[in-house]
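A.B. asks: Take this structure, written in structure tokens, and hold onto it; I'll ask about it next.
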């Protein structure tokens, strides 16, 4: 293909292709001449059920290749014979046939297709259907989202779409939700998918102020928490190269398209939704009772030959045995996370409009209390506005969407407060003089005074202007802007601090972060249809600018802790800092789509990207993909002989996408102001330059078969994917003699491979007038492997990764079990030096990425009653805190599920060490090895009754008597029951030792349409 230079950029030339296509005859002129004498012209208009014209409808003379296409007003003209039959087909609508029979005008109204195959699916810069798609796209509809009382809309995806693994890192509201699409592609660069809201890229980067003092109990803050699930119309997940290459370097880890609700032409309507409920911890860990705990403590002293003492200066000091009341029993887990959190959700919308102008205005409010003690709560409130307008001549159209949401989270500062659930059951909060008891080095009541707030404002707006230049050519410009601003505060009163750890003083931390993105994307769209098929071409450009600002202030020496939220009341500003970053991105892209009689499909995507994150000479990269599809069920021989097969398609794709998810300015030598010298500020080198690193690239290959049987009552999809990520962006280690940094950004020919199978099954076992049952099942079998890493043994990752193993397969010691004579853990001495040494005795201890995952959904409909039941399942292992399993005896270790299988006498065969005291260094050393060994890898598989939704819609007659258009009542339940062999924690958050378990929610409510 010819190479040209456009604005200094070497690129493939999709414009040349467009000019060639533009020179083709128009559809009406492309008709084959009819060599008969009874020809005449038929004209008409094609509309939808609402009477709106449908442009681009295919009109074919049956059993021929002659045809035309409706224009922007839905009007068509075609030359026919008297005996001809016209076939009208359009994406998302049922195909209609009309006999000519001498008629000069035939108007057709197409009905929306109820088939899942013909539902509209949003893709990059356009739409398609499952029937005609050549790419891998999963979809979650508004109804499925509304049935789940989730805070973060991403949680609604969990288990619903194959190839998409969702993991909650913290069950508290506002916590981050991790998303991986078809595995982890990169060793060190970002692995988050690209999020696009109404065509505007939405930053998924965790909101943080860059200091642990402003990292709160609910964990990392995701900006996606600020999107109200009530405003979402659909979520599409793009997975393979054909679907993601149109986004170029941003599509390496997949793309998630979030589409908000739009106005429709109908009588102005008001809709009100209200629900009320409660949340509780879904799964608590197993703890010892008071008597069990005291028994273990006494056994530990006996094993060490030490007598418990009440004297703090005595080596055998045991306050829980000799000082504190041994009849007082407190369930600290219940004390910390045992509350029931009330839930309130309000949503209203006003929508309607005419044929030319439609609108939707929505308002939402959500409030959730806390399972933690105190007056903590989470609130979200905002508005959503959509306006669509089309000119009377149907050539010009305008669409604008605005979303603004405020996310207000009042929580706790200390992330480790939940670990205090392992305190002795008889630990007293207060001493006799009324002061806090610090004998266990921590006090939950004191730490609960350390409050914090996160307040996030999210603004997303998009304006789309389009103009129909010719019936086959249109121009569109999309302009978008997003702004995310987070304001944080944390207070640390002097009374909440452990006095022995230092001088206690009232402290406060203040932080602000602002991220804004501006994007402009002009596009040309050309489409033509003739006897050779339908061809469409998209040409576009993209320009994006993102700015990030962050500032933080640490203040102390407050006279009173009542003034901690007032920066002006601080006696001293101890430290302050701010950062600024800018990211620019420019692209040209194109898509060429060919469709021959809805049977043979071809899709080509090309994109050239430029990113400011790379140095001069390496800023630009070329990406692209090709997708093909064959709807073999449209072949005449199959139609005639395989009546049981209602749909069959084979599709495949291959392409290359990139990844630039690395920090800004890594190619530059940078400096930071980190200290002062003789009262003057000094600059310290913080990064070594390397302008030679380039794009990390991923080659994606996929093959899929889609089958539908018995009029699509049974549908199956089998997909195989193979993703290979090369030219990995890695922090390359360098000697410290070169400066105050240990590595720099560089490319290495390391190769990460992700392969897997995705299986979807959907059936309609019962389909009657009064009863309907639909069942769907999906499962994914992923496999991740580090294929090669030259020089791994000399890199900073030598003790972390292993060639041939999963990236999540971290290294550790090989645990051999408990010595039956001593009761102490044993480990394999791999190098034979007579000792367990680091790193010589490390092995790949086991992966934590899932072996398989998926979900099973059932929907039942009986007259006005609907019931949805959804199960989620995951087969995985997790690294857990080994002290919860194999370390009975220490003062602060009540959380111990394996205590009753501990070693007690010589000859005992077990996997749990003997009860011990901290002073026993031999046991303590063995435990430290065990925590970094394969013994800490536990089976965290689970099956979860994820969601139950029961709804009842009142008959229309009753609704009218109540003077409403419709009335519906519902009850929703989330995270109902979890079955898992892991007893020490919630299996979903097992990898996060500081994370709270997921919450179980119950809500009831009603939906009224006026």
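Values quoted throughout were computed directly from the atomic coordinates according to the rules given, and no laboratory measurement underlies them. From a predicted model like this one, the values you see are computed outputs, not experimental measurements. Here the Cβ positions follow ideal geometry from the backbone for every residue, glycine too, while neighbour counts run over all protein chains shown.
A.B. asks: First obtain the Kirkwood hydrodynamic radius of segment 241-389 from its Cα pairs, then insert it into the Stokes-Einstein equation at 37 °C and 0.692 mPa s, and state the resulting D in µm² per second as a whole number.
C.D. replies: In µm²/s, the coefficient rounds to 149.
A.B. asks: Additional query: Considering all alpha-carbon pairs of segment 760-909, what whole percent are spaced by more than 21 angstrom?
C.D. replies: Beyond 21 Å sits 68 percent of the P(r) for segment 760-909.
A.B. asks: While we're on this one: Taking the Kirkwood radius as the inverse of the mean 1/r across Cα pairs, report the Rg/Rh of segment 31-114.
C.D. replies: 0.96
A.B. asks: At a threshold of 8 angstrom on Cα-Cα distance, excluding pairs fewer than six apart, so keeping six or more, what relative contact order does segment 744-788 reach in percent?
C.D. replies: 49 percent
A.B. asks: Per the Kirkwood definition applied to all pairs of different Cα atoms, how many angstroms is the hydrodynamic radius of segment 342-396?
C.D. replies: With all distinct Cα pairs of segment 342-396 included, I get 14.0 Å.
A.B. asks: Using only the C-alpha atoms of segment 117-267, find the volume of their convex hull and express it per residue in Å³.
C.D. replies: 136 Å³
A.B. asks: Kindly give Rg over Rh for segment 856-905, based on alpha-carbon atoms, with the Kirkwood expression for the hydrodynamic radius.
C.D. replies: Rg/Rh for segment 856-905 comes to 1.42.
A.B. asks: Relative contact order (percent) for segment 812-949, with alpha-carbon contacts under 8 angstrom and 6 or more residues of separation?
C.D. replies: Relative contact order of segment 812-949: 32 percent.
A.B. asks: Evaluate the Kirkwood expression for the hydrodynamic radius of the chain, namely the inverse of the mean inverse distance over all pairs of different C-alpha atoms, and round to one decimal in Å.
C.D. replies: 31.9 Å
A.B. asks: Right, another one. Please state, as a whole number in µm²/s, the translational diffusion coefficient that the Stokes-Einstein equation yields for segment 824-979 at 4 °C and 1.567 mPa s, with Rh defined as the Kirkwood radius across alpha carbon pairs.
C.D. replies: 64 µm²/s
A.B. asks: Using alpha carbons only, how many angstrom separate the centre of segment 47-66 from the centre of segment 598-618?
C.D. replies: Between the Cα centres of segment 47-66 and segment 598-618 lies a distance of 33 Å.
A.B. asks: Okay, next question. Only bridges with both residues in the chain count here: give the DSSP antiparallel percent, nearest 5.
C.D. replies: Here the share of antiparallel DSSP bridges comes out near 95 percent.
A.B. asks: Using only Cα atoms, locate the centre of segment 953-978 and the centre of segment 702-766, then give the distance between them in Å, rounded to an integer.
C.D. replies: Using only Cα atoms to place each centre, the spacing works out to 41 Å.
A.B. asks: Percent of alpha carbon pairs in segment 154-197 separated by more than 17 Å?
C.D. replies: More than 17 Å apart: 36 percent of the Cα pairs in segment 154-197.
A.B. asks: I'd like the distance separating the alpha-carbon centroids of segment 487-544 and segment 70-95, in whole Å.
C.D. replies: About 46 Å separates the Cα centre of segment 487-544 from the one of segment 70-95.
A.B. asks: Could you work out how far helix 921-931 tilts from the main Cα principal axis of the chain, as a 0 to 90 degree angle to the nearest 10?
C.D. replies: Computed tilt is about 0 degrees.
A.B. asks: On to the next question. Against the longest alpha carbon principal axis of the chain, how many degrees, from 0 to 90 and to the nearest 10, is the axis of helix 290-304 turned?
C.D. replies: That works out to roughly 60 degrees.
A.B. asks: For segment 315-367, what log10 I(q)/I(0) values come out of the Debye formula at q = 0.27 1/Å, with one point per alpha carbon and no solvent?
C.D. replies: -1.03
A.B. asks: Further question: What relative contact order, as a whole-number percentage, does the chain give when Cα pairs under 8 Å and 6 or more residues apart are counted?
C.D. replies: That works out to 11 percent.
A.B. asks: Is it possible to state the helix-based mean residue ellipticity at 222 nm for the chain, with each DSSP H run of 4+ residues giving -39500 (n - 2.57), the sum divided by total residues, to the nearest 500 deg cm²/dmol? What is it?
C.D. replies: -2000 deg cm²/dmol
A.B. asks: Additional query: If you project the alpha carbons of segment 562-665 onto their three principal axes, what span does each projection cover, largest first, in Å?
C.D. replies: 87, 46, 16
A.B. asks: Beta carbons within 10 angstrom, averaged per residue: use that to sort the peptides 337-343, 763-769, highest first.
C.D. replies: Answer by packing, highest mean first, reads 337-343, 763-769.
A.B. asks: Ranking request for peptides 840-850, 155-165: highest mean number of other beta-carbon atoms within 10 Å first, then the rest in descending order.
C.D. replies: Answer by packing, highest mean first, reads 155-165, 840-850.
A.B. asks: Another question, then. Applying a 10 Å radius around every beta-carbon, put 646-657, 536-547 in order of their mean neighbour count, most first.
C.D. replies: 646-657, 536-547
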